[in-house]
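Novice: Here's a structure for you.
The values are calculated or read from the model by the stated rules, or taken from the named source; none is laboratory data. Being a predicted model, the structure only gives us computed values, none of them experimental. Here Cβ is always computed from backbone atoms with ideal geometry, including for glycine, and neighbour counts include all displayed protein chains.
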């Protein structure tokens with residue numbers, strides 16, 4: 001994946017400095033091999049247990065990555081009509097798509113039914129009524145699962161925790177059984193599963209197993225009442241190592257323990273990993289513009305900014321910083337790595353002990369494959385960066401860098 005060879009950082013044997021010089025910076029670079037290896041780790045770990053691995057498109061929706069996963073047989077978890085459009089454009093099978101999300105519109109529901117989406121993960125009774133109405137108008141039957149909220153703490157950043165009663169997501173598991181029974185009154189819906197997702201960047205998966213136990217108990221009651229529940233969707237959320245202190249569980253161990261809870265139920269199981277498939281498979285390349293000292297700080301100013309990678313500003317997230325040329329003899333200093341955006345919150349790293357990298361040199365921000373480009377914006381009228389895929393010993397640009405003309409496309413004066 002990403003490692004130093006002869007003191008130069010490469011991606012699967014391809015020199016990252018060559019990419020930086022030819023593709024320009026800022027620039028995202030992804031390893032196709034790392035993405036496929038992570039997906040296959042999930043898929044193989046289930047063994048003979050009926051299952052489907054649905055990649056969470058929100059983590060990184062670049063067409064080239066979706067296409068890689070579609071060709072490998074992945075299903076997809078989407079949260080918008082736009083994500084469904086991307087999956088279809090990348091060759092994904094709509095019958096292997098689950099449509100999640102708390103605010104589906106009638107237009108999105110109609111689009112999903114027209115394309116043959118496999119299942120809706122529904123988050124409210126009002127949404128069930130709307131799906132039934134749209135499906136009836138189209139002469140279709142929609143399969144659904146309720147996303148239940150099990151009141152389990154994922155022990156993660158509060159912005160990406162979703163399984164407690166005070167979160168906007170899902171339906172309280174204590175009332176879900178009654179909702180399933182009331183849903184029998186809808187003529188164009190079929191209850192086929194139960195869904196649950198408690199959060200993201202989970203490093204201890206015990207809360208996921210706790211939630212799974214609650215979901216299985218609910219399924220047992222529903223089946224006893226005659227509802228044709230045939231699968232459970234236990235979401236995603238497995239974390240990755242952003243820094244050395246992070247100790248994420250092995251995918252194989254997690255799935256083995258999860259499967260042990262489910263195999264006797266006879267249910268098909270679905271999971272929706274995103275970050276753990278693409279997170280460590282990507283880096284953001286950026287060039288040092290200036291070094292600057294104030295009375296109390298030293299700044300390394302680079303050409304990437306919070307509009308390119310917002311996680312440090314939004315979540316106070318840590319991304320390792322790696323010079324593309326490793327020079328152990330360099331002096332080191334504690335610096336803030338900041339971008340050109342006119343916000344004090346525009347930083348990529350604070351108080352980081354780094355080699356004394358100089359203007360014109362390149363660095364990589366690690367673990368940037370998830371929630372990186374997909375959350376990028378044009379703030380300060382900055383064009384979004386290029387994206388590069390490394391595959392089979394070569395590289396190609398899979399999204400060109402935006403131009404100034406792209407910034408005003410669709411506008412009128």
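Novice: Being under 22 Å from residue 196 (Cα atoms) and in contact with a strand residue (DSSP E or B) (Cβ under 9 Å, 6 or more places away or on another chain) is the requirement here; does residue 83 meet it?
Specialist: yes
Novice: Mind checking which residues of the stretch 295-323 are in contact with a strand residue (DSSP E or B) (Cβ under 7 Å, 6 or more places away or on another chain) and not in a loop (DSSP other than H, G, I, E, B)?
Specialist: Selection gives 298, 299, 300, 301, 302, 312, 313, 321, 322, 323.
Novice: Can I ask one more? Among the residues of the stretch 317-330, is there at least one that is in contact (Cβ under 8 Å) with a residue 60 or more places away in the chain, on the phi > 0 side of the Ramachandran plot, out of contact with any helix residue (DSSP H, G or I) (no Cβ under 6 Å at 6 or more places or on another chain) and surrounded by fewer than 19 Cβ atoms within 10 Å (Cβ to Cβ)?
Specialist: Within the stretch 317-330, not a single residue is in contact (Cβ under 8 Å) with a residue 60 or more places away in the chain, on the phi > 0 side of the Ramachandran plot, out of contact with any helix residue (DSSP H, G or I) (no Cβ under 6 Å at 6 or more places or on another chain) and surrounded by fewer than 19 Cβ atoms within 10 Å (Cβ to Cβ).
Novice: Which of the residues spanning the stretch 324-369 are within 26 Å of the chain's Cα centre (by Cα), closer than 16 Å to residue 25 by Cα and assigned to a strand (DSSP E or B)?
Specialist: Result: 337, 338, 348, 363, 364, 365.
Novice: Being more than 30 Å from residue 223 (Cα to Cα) and in a strand (DSSP E or B) is the filter here; which residues of the stretch 261-294 pass it?
Specialist: Correct list: 282, 283, 284, 285, 286, 287, 288, 289, 290, 291, 292, 293.
Novice: What is the residue count in the stretch 190-215 for residues that are touching a strand residue (DSSP E or B) at 6+ places or on another chain (Cβ under 7 Å) and surrounded by fewer than 22 Cβ atoms within 10 Å (Cβ to Cβ)?
Specialist: Number satisfying all stated conditions: 3.
Here is a yes/no grid of residues against (1) within 28 Å of residue 388 (Cβ to Cβ); (2) within 16 Å of the chain's Cα centre (by Cα); (3) surrounded by 15 or more Cβ atoms within 10 Å (Cβ to Cβ):
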| position | (1), (2), (3) |
| --- | --- |
| 261 | no, no, yes |
| 264 | no, no, no |
| 274 | yes, yes, yes |
| 282 | yes, yes, yes |
| 291 | yes, no, yes |
| 297 | no, no, no |
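Novice: Checking the condition within 15 Å of the chain's Cα centre (by Cα), in contact (Cβ under 8 Å) with a residue 24 or more places away in the chain and either surrounded by 20 or more Cβ atoms within 10 Å (Cβ to Cβ) or not assigned by TED's automatic domain parsing to the domain that holds residue 126 (or both), which residue from 86, 40, 96 passes?
Specialist: 86
Novice: Yes or no: the stretch 236-249 includes at least one residue that is assigned to a helix (DSSP H, G or I), surrounded by fewer than 22 Cβ atoms within 10 Å (Cβ to Cβ), free of Cβ contacts under 8 Å to residues at least 12 places away in the same chain and on the phi < 0 side of the Ramachandran plot.
Specialist: no
Novice: Further question on the same structure: Check off (1) without any contact (Cβ under 8 Å) to a residue 40 or more places away in the chain; (2) not in a loop (DSSP other than H, G, I, E, B) for residue 383 and give me the number that stays unchecked.
Specialist: Only one criterion is unmet by residue 383, namely (2).
Novice: Could you check the stretch 338-380 and list, in sequence order, the residues that are under 16 Å from residue 60 (Cα atoms) and surrounded by 19 or more Cβ atoms within 10 Å (Cβ to Cβ)?
Specialist: Within the stretch 338-380, 366, 367, 368, 369, 370, 371, 372, 373, 376 qualify.
Novice: If I ask for residues that are surrounded by 21 or more Cβ atoms within 10 Å (Cβ to Cβ) and not in a helix (DSSP H, G or I), which ones from the stretch 6-36 would you list?
Specialist: 9, 11, 25, 26, 27, 28, 29, 30, 31
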